[in-house]
Each structure stands twice: as structure tokens, then as C-alpha cells.
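Novice: Just passing along the structure, written as C-alpha cells.
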Amino acid sequence: MTFQSNGLRVIGACHGFALWHYATRERLSDVLAPGYFNPAYGLVRSGHHLHVTAAIRHDASGDWIEAADHALVAVTSARPGRVSVSPIGETRTARHREPPPTPASPVRAPCPAASSQPAAQGDAP
């Protein structure tokens, strides 16, 4: 299978950094394969992080078992037609009844404005 943009949602973004969530029913090993995120060029940038939730299947019929794998990956390069990611960490969750749901609309926190005012004495830097 291939990257599905409807599974990608921004969790938060500020000052050029973004944290994304990507949910899929594919195996984590397929999602982490070179070239999987190539269609995401234009959405993700080098330095962004993606939290990936991927379901696993074990039987020949393609039925999903009750578990999911998670990985945090960094986008190491984003060029036209080529997006490279590198895993930061991986884990397996406790058992679920169904594959991970596609996330709802993203919740966007406001990006704090950079202040041009010097900090008052006694304020933390």
C-alpha cells in the first residue's frame, strides 16, 4: 500500500517545527521503508517529527490482530519527490479491539508570539 494523506494530521506547529500524527492500517515496517513518505513532500519538512500509529496483521486472510505499533520518526530530508525519515523510537501498545482510528480534525494551539520586550528583572529567561 502507499501513503494516504488523509491519515496525516498536524498535532502542533510553531516557528518552523511541526509535530504530526500518521495513522494507518499498514505494517510499521512498510511505513518506515524508504520512499513511503515521498508523496508527503509539500506537507512535511526536514526537521519535522511524525508519530506513526500502524496496525499489524498476522494471519493469511489479512485480518488485523488486536495490537498496534508506534514509532516516532524525524524527517531527515524533504525534496521534491523524495522524503526521508529516520526512526527515533518504536513501541508496541497493549491490545486493541480494532485498528487505530483515523484522527479527527487537528487541534491547533496558537503559536506564542516572540516578544521584543526585554525580560523584567526576576523573570525567567
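Novice: So ILE65 fits all but one of (1) modelled with pLDDT of 95 or more; (2) loosely packed, with under 14 Cβ neighbours inside 10 Å; (3) of a type in the set (A, V, I, L, M); what number is the exception?
Specialist: Here ILE65 meets the rest and fails (1).
Yes or no, residue by residue, for (1) out of contact with any Gly (no Cβ under 8 Å at 6 or more places or on another chain); (2) polar (S, T, N, Q); (3) modelled with pLDDT of 55 or more:
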residue	(1), (2), (3)
ALA33	yes, no, yes
TYR41	no, no, yes
LEU72	no, no, yes
VAL75	no, no, yes
ARG95	yes, no, no
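Novice: Could I ask something else about it? Among the residues of the stretch 7-21, write down those that are without any contact (Cβ under 8 Å) to a residue 60 or more places away in the chain, surrounded by 14 or more Cβ atoms within 10 Å (Cβ to Cβ) and not aromatic (Phe, Trp, Tyr).
Specialist: LEU8, ALA18, LEU19
Novice: Being more than 15 Å from VAL75 (Cβ to Cβ) and buried (at least 16 other Cβ atoms within 10 Å of the Cβ) is true for just one of THR2, THR24. Which residue is that?
Specialist: THR24
The values are calculated or read from the model by the stated rules, or taken from the named source; none is laboratory data. As the structure is a computational prediction, the values presented were derived from the model and not from experiment. Cβ sites come from the backbone with ideal geometry, for glycine too, and all protein chains shown count toward neighbours.
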